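Asker: Sharing a structure here in C-alpha cells format.
The values are calculated or read from the model by the stated rules, or taken from the named source; none is laboratory data. What you see is a predicted model, and the numbers here were worked out from it, not measured in a lab. With ideal geometry, Cβ positions are generated from the backbone for all residues, glycine too; neighbour counts draw on all protein chains shown. With ligands, DNA and RNA removed, areas are computed over all heavy atoms of the protein, side chains included. Shrake-Rupley method; radii C 1.70, N 1.55, O 1.52, S 1.80 Å.
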Amino acid sequence: SCGGGMYNDASDRPSSPYIENCTFQNNSAYYGVGIYNNAKNGYSELELTYCSFIDNTAKFDGGAILNEASYGTSNIKIIQCKFFHNQAYYGAAILNKVKEAGEANPIIDRVNFEQNTAFMKGSPIYNFRTGNGICKPVITRCIFTNNVESVTTPKGQIEQQPTLQKQKSYSIRKTFKH
C-alpha cells in the first residue's frame, strides 16, 4: 500500500494539487505514508504550504512523503511545513526517488525537521536516483533538530543523498543545487 494519507496520481498525466494548512498524522503504509506523489511518466507540481506531518510510519520508504518521478517530472514545493517524528528505512521525512529518465526538482523552504528516524539513510531527506535521472533539490532556510539515522555517519553537508545524524540543531540558510 502507498499514500496512507494521500495518493497523488500524476502517472501518465498532469496532477498538481495545492494543499494548505493540513495535518497528516498517524498514518501507516509501505511507501509514502503521509503523501505518495506518483509522477511516473507524468507531471506533478504538488505544493504544500503550512502543513504538518506527524507520527507517520512507513514499513519501507518515505515516512511522510515519497516523491517519485520515474520517466516523469515532479517539481514538488514544500513551504513552511513541519515534519515531526516520522519513520522509514529511507527518507523518514522526505524521499525523492528518480528512476531512469525522470526528473525531480523539489523546493524545500522554511521547513522544520524534528525527531525523524531513518533506519538506513536520510532521516530528514533522502534523494535517490538511477540511470539518467535528475534530482536537484533546492533547500533553503530549513531547521533540522534531533533527527536520527541508525546505520550511517554524518556527511556534514547536503549532497545527492543528504545524511544528517542525530544532533541538537542544524540550520541551513543557503540554497543548495546539485
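Asker: Within the range 99-141, which residues are at pLDDT below 95, in contact with a Lys or Arg (Cβ under 6 Å, 6 or more places away or on another chain) and within 21 Å of Val33 (Cβ to Cβ)?
Answerer: If the condition is that a residue be at pLDDT below 95, in contact with a Lys or Arg (Cβ under 6 Å, 6 or more places away or on another chain) and within 21 Å of Val33 (Cβ to Cβ), then Phe128, Cys135 are the ones that fit.
Asker: Could you check the range 98-114 and list, in sequence order, the residues that are open to solvent by 60 Å² or more (accessible area, probe 1.4 Å) and either assigned to a loop (DSSP other than H, G, I, E, B) or in contact (Cβ under 8 Å) with a residue 60 or more places away in the chain (or both)?
Answerer: Once the filter is applied, which keeps residues that are open to solvent by 60 Å² or more (accessible area, probe 1.4 Å) and either assigned to a loop (DSSP other than H, G, I, E, B) or in contact (Cβ under 8 Å) with a residue 60 or more places away in the chain (or both), the range 98-114 yields Glu100, Ala101, Arg110.
Each row is one residue, and each column tells you yes or no for (1) within 12 Å of Asn8 (Cβ to Cβ); (2) at pLDDT below 95; (3) surrounded by fewer than 24 Cβ atoms within 10 Å (Cβ to Cβ); (4) among the polar types (S, T, N, Q).
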residue	(1), (2), (3), (4)
Asn26	no, no, yes, yes
Leu46	yes, no, yes, no
Thr49	no, no, yes, yes
Leu66	yes, no, no, no
Asn75	no, yes, yes, yes
Asn86	no, no, no, yes
